[in-house]
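One structure below.
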Amino acid sequence: MIIPRDFTFNKDLLISYYYGLKQFVGKKIKQTKIKNLLQEQYPDNKHFNALDRKFISLKFYGFVYLNENGELMFNEYFEEYVNHLENNVIDPNCFLNLLLSSKYKYFDNSETNFFELLINLLKEKSILYLDHIEVISYVQYYDRINDFDKLIELIKDSRTFTFTDKVKVLEVFYENDLGTIATRVHDAKTYLFSFLESNGFYTLKNSLQSKTYIQSGSPRILEDKRLYLSEDLLEYINGFTYESIVDEIEYNSEQENGLYEDPDNDVATLINKSEETRLAVIKRYKADLKLRNNALKKSGYVCEMAKLKGIEHRTFASRRYDGDYAEVHHLIPMHAQENDMFVLGDKLISLDQMCNLIVLCPTCHSKLHYGKSEDIILELERLFKDREQALHKNKLIVNKENLLGFYNIKQ
């Protein structure tokens, strides 16, 4: 796949295109004809001068498409997106829906959506980021092999490579024609990724490593950048903010050897609403590490999911206590603490109590964060059935649908 130029969009241009093109929706008409008609109607609007060459970009992002009859059609999210632009709102979820519903065909013999491919790569639990090089060069490699599993394998294999190693691999793969690839990366950064970043699609970090190539007499720089899915989109995909996942890791690794004497004395705990504004689990509502320790000891350091299935999930000996390593997960996620369901007068019903703490092996725990929705549903249903009465007894009155909603899962 060759990423074409002219992907640059700004707010005023997109709003102009939306209102200008509405009159042609449902009509079979050539792009050049549309441009000429709009220039006649709006002679002072400079945005319509480049409309004929901008069409490929509008189709690429999914704003517009041509149906099977060759008629111009609007994406169902285009109007919502323009409304956000007019109100100076950035809504990554609306933007993501628009991208994922793009009908643009990128590869021969493939129905793959470029953005769907990018998101699927970032959703892989072992791939927390993508190199800027990979997004262009490996997607073009995918154009040749049309095999997602092989692409994943290629990216995983290169995870330990240095920037120099990756450049050497690319030089071999592209037969030392890195000037062409460097041009692609340069164009994508200028015309494609800047637009994605401004819409909250991802965050970009630069390691400051680079290599310069000469293409047609002009320098082209191949930079080592990393693309991270934005926190809003991580929540949209996985039901958790990235910060929440990190906080759960800290929660399970933080040192605390104390225990409460009576772990079975599980009663509803009321807490004050935090004055902090960050959406972190641990930093916003501090989880009690002694309760965590009690949950581990009470379970015998054994995965509760395995118990419910009548099987055994062995891990390894913990350095912190006398038993196999296990982790504690809040069944009702802590990011739901301020939900109206857990408000009682001027207090909150704490989600950090024994009835809501589930001991899991690392694999089962990661599955709840990174697994496929259909697998997570089965696991949550099993855990909820086991804990429903205890949760209700302690004033955490939720049903299965509520629980799935906290994980951003719809049946």
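The values are calculated or read from the model by the stated rules, or taken from the named source; none is laboratory data. What you see is a predicted model; the values in this text were computed from it and never measured. All Cβ positions, glycine included, derive from the backbone under ideal geometry; neighbour counts span all protein chains shown.
Structure above, values below:
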read-out	value
Filter result (assigned to a loop (DSSP other than H, G, I, E, B) and either at pLDDT 90 or above or surrounded by 14 or more Cβ atoms within 10 Å (Cβ to Cβ) (or both)) within the range 339-355	N339, S350, L351, D352, Q353
Residue under evaluation S218, criteria (1) more than 30 Å from Y202 (Cβ to Cβ); (2) at pLDDT 70 or above, criterion not met	(1)
Within the range 294-317, tally of residues that are of a type in the set (A, V, I, L, M) and in a helix (DSSP H, G or I)	5
Test: residue in the range 318-328 that is touching a residue at least 60 places away in the same chain (Cβ under 8 Å), of a type in the set (K, R), surrounded by fewer than 17 Cβ atoms within 10 Å (Cβ to Cβ) and in a loop (DSSP other than H, G, I, E, B)	yes
Considering residues of the range 364-391 that are polar (S, T, N, Q) and farther than 14 Å from E248 by Cα only, the residue surrounded by the most Cβ atoms within 10 Å (Cβ to Cβ)	S373
